[in-house]
Amino acid sequence: MKNMKKSIVIGALGLALFLTGCGDEKDTATSDSKDKSNDEVSAAVNDEKETTIIPAHQDLNQEPIPIKFERVGEHKVNIEMTAQITDIEIAPNEIYKAWTFNGEAPGPLIVVNEGDTMNFTLKNMDPAIPHSMDFHAVETSPTKNFIDIMPDESGTFTFTANRPGVFMYHCATGPALSHIANGMHGVVIVKPKDGYPTDDIVDKEFALIQNEWYNYNDLDDFTDGTPNQVVFSTKALKEGDRNTNGDTFTLKDEPLQAKVGDRIRLYINNVGPNQVSSFHVVGAQFDVTYLDGNPENVLKGMQTVQLPASGGAVVEFEVFEEGDYTIVTHQFNHVQKGAAAIIRVTE
Ligand SMILES: [Cu+2]
């Protein structure tokens, strides 16, 4: 599909160039010569496409390394993450040699408490290029603390998370679009000091992240193209929870599970990089929404919650009958590209 998309785009471009070059002779162009022109341009692009895999990444598929998370004080945690190159199946039989945090895309979910100081280490296992970490959960000097870590080096930074919310994190190494679109994104939940007012009535909770995939490591497509896939993943809120990558199939084949009468809370974030999410659950209404996950940002009775790129929310709803409740972005062209996940509700 990717190749096809590319061929079509470049084929049209080749045709335009060809016609321009022919000037007055364009009327005499035969379909044969048009096809030839298209083929040549397509071939050239296919060659170029192969080079979009950085040579040092070519045969690299680094085993996912679990995030290290350790609470070392009442308000202090140590976190160690890796930047690494790992194959991810983003659609059935479609492997993407993703640039990742810890071998997952999106990266592992981090859950801390409001006021926690995070001693954060990024270990760059990528032999070829620098990576970095930009946490939206903190306020700090980007030029001091979101800096590049060179290949095979580590960097340690200390941040404090002073506001509750569901925040994006991502690699910020330039061009940031390439690093994010190739898979270097994820979510930090900063739990409110006094909790959410509805904590006591929630029965089930899941984390759900939306992201997009484009032509492999293709900055032009990242910049001007439309996504090939728009996908959801779920991440472990606690030990034993499921942890999936952003793909078109896992959360349809193996739905999230709930029971009739449950009040379900979703921690959601749209890590983009480019698209807005119109977050909706078919057959449900959000009784309460905490925009960006801050308990002070309360919305009632929402059908659809808009998540800008990097935006998050906590949404809660009840399921009164058994059935499959499909989570979508209500931009249905994106559902067509994969953006659906199922919550299966049983008696
Ligand atoms: Cu990076």
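Each reported figure results from applying straightforward, stated rules to the coordinates on display, with no laboratory input. As the structure is a prediction and not an experimental result, all values here were calculated from the model. Positions of Cβ are backbone-derived with ideal geometry, glycine not excepted, and every protein chain shown enters the neighbour counts.
Pairs with C-alpha atoms separated by more than 24 Å, drawn from the list 204/337; 235/300; 123/193; 300/337; 97/191; 252/337, are 204/337; 235/300; 123/193; 300/337; 97/191.
The charge dipole of the chain, taken about its Cα centre with unit charges on the Cβ atoms of Lys, Arg (+1), Asp and Glu (-1) only, comes to about 560 debye. How would region 61-191 be classified by its alpha-carbon gyration tensor: rounded, prolate or oblate, with rounded meaning a/c under 1.5 and the a/b versus b/c comparison settling the rest? Prolate is the answer for region 61-191, as a/c is 1.5 or above and a/b outweighs b/c. If only the Cβ of Lys and Arg carry +1 and only the Cβ of Asp and Glu carry -1, the dipole of region 148-269 around its Cα centre is close to 660 debye. When the GluC sites (Glu not before Pro) in region 202-256 are filtered for DSSP coil states and for at most 16 other beta-carbon atoms within 10 Å of their beta-carbon, the remaining sites are 239.
Where both bridge residues fall in the chain, DSSP classifies roughly 75% of the beta bridges as antiparallel. Relative to the globular-protein estimate of 2.2 N^0.38 Å, the Cα radius of gyration of region 206-259 stands at 1.38. Within the chain, the longest run free of chymotrypsin sites (Phe, Trp or Tyr not before Pro) that sit in a DSSP loop with at most 15 other Cβ atoms within 10 Å is 1-248. Of the GluC sites (Glu not before Pro) in region 61-158, the ones in a loop by DSSP (not H, G, I, E or B) with at most 10 other beta carbons within 10 Å are 74.
Over what distance in Å are the Cα centres of region 162-229 and region 297-313 separated? Centre-to-centre distance over Cα atoms comes out at 14 Å.
For the chain, place one equal point scatterer on every Cα, skip the solvent, and apply the Debye formula. What is log10 of I(q)/I(0) at q = 0.08, 0.10, 0.11 Å⁻¹? Taking Cα atoms of the chain as identical point scatterers yields -0.43, -0.64, -0.75.
Restricting to DSSP H runs of at least four residues, report the calculated mean residue ellipticity at 222 nm for the chain, -39500 (n - 2.57) per run over all residues, nearest 500 deg cm²/dmol.
Helix-only estimate at 222 nm: -5500 deg cm²/dmol.
Karplus-derived 3J(HN,Hα) values for region 83-96, using 6.51 cos²θ - 1.76 cosθ + 1.60 with θ = phi - 60°, are 9, 8, 9, 9, 5, 10, 8, 8, 8, x, 6, 10, 9, 10 Hz; glycine and proline are entered as x.
Taking the Cα centre of region 183-254 as origin and assigning +1 to Lys and Arg Cβ atoms and -1 to Asp and Glu Cβ atoms, the resulting dipole is close to 280 debye. Near residue 262, the amide H atoms lying under 5 Å from its own belong to 319; only residues 5 or more places off or on other chains count, and H is placed 1.01 Å from N.
Using the basic label-point model (7 angstrom from Cα toward the beta carbon), what is the residue 74 to residue 61 distance in nanometres? Computed distance between label sites residue 74 and residue 61 equals 4.9 nm.
A dipole drawn for region 201-347 from +1 and -1 charges on Cβ atoms has a positive end, and of 273, 234, 217 the residue lying farthest that way is 234. Applying the Karplus relation 6.51 cos²θ - 1.76 cosθ + 1.60 with θ = phi - 60° to region 254-269 yields 3J(HN,Hα) values of 10, x, 5, 10, 8, 10, 3, x, 5, 9, 9, 10, 10, 8, 10, 8 Hz, where x marks Gly and Pro. Think of region 199-346 as having a plus end and a minus end, set by charges on the Cβ of Lys, Arg, Asp and Glu; of 294, 339, 307, 339 sits farthest toward the positive end of this dipole. Taking amide H as placed 1.01 Å from N in the peptide plane, the amide H of residue 132 sits under 5 Å from that of 149, 172, 173, each at least 5 places away or on another chain.
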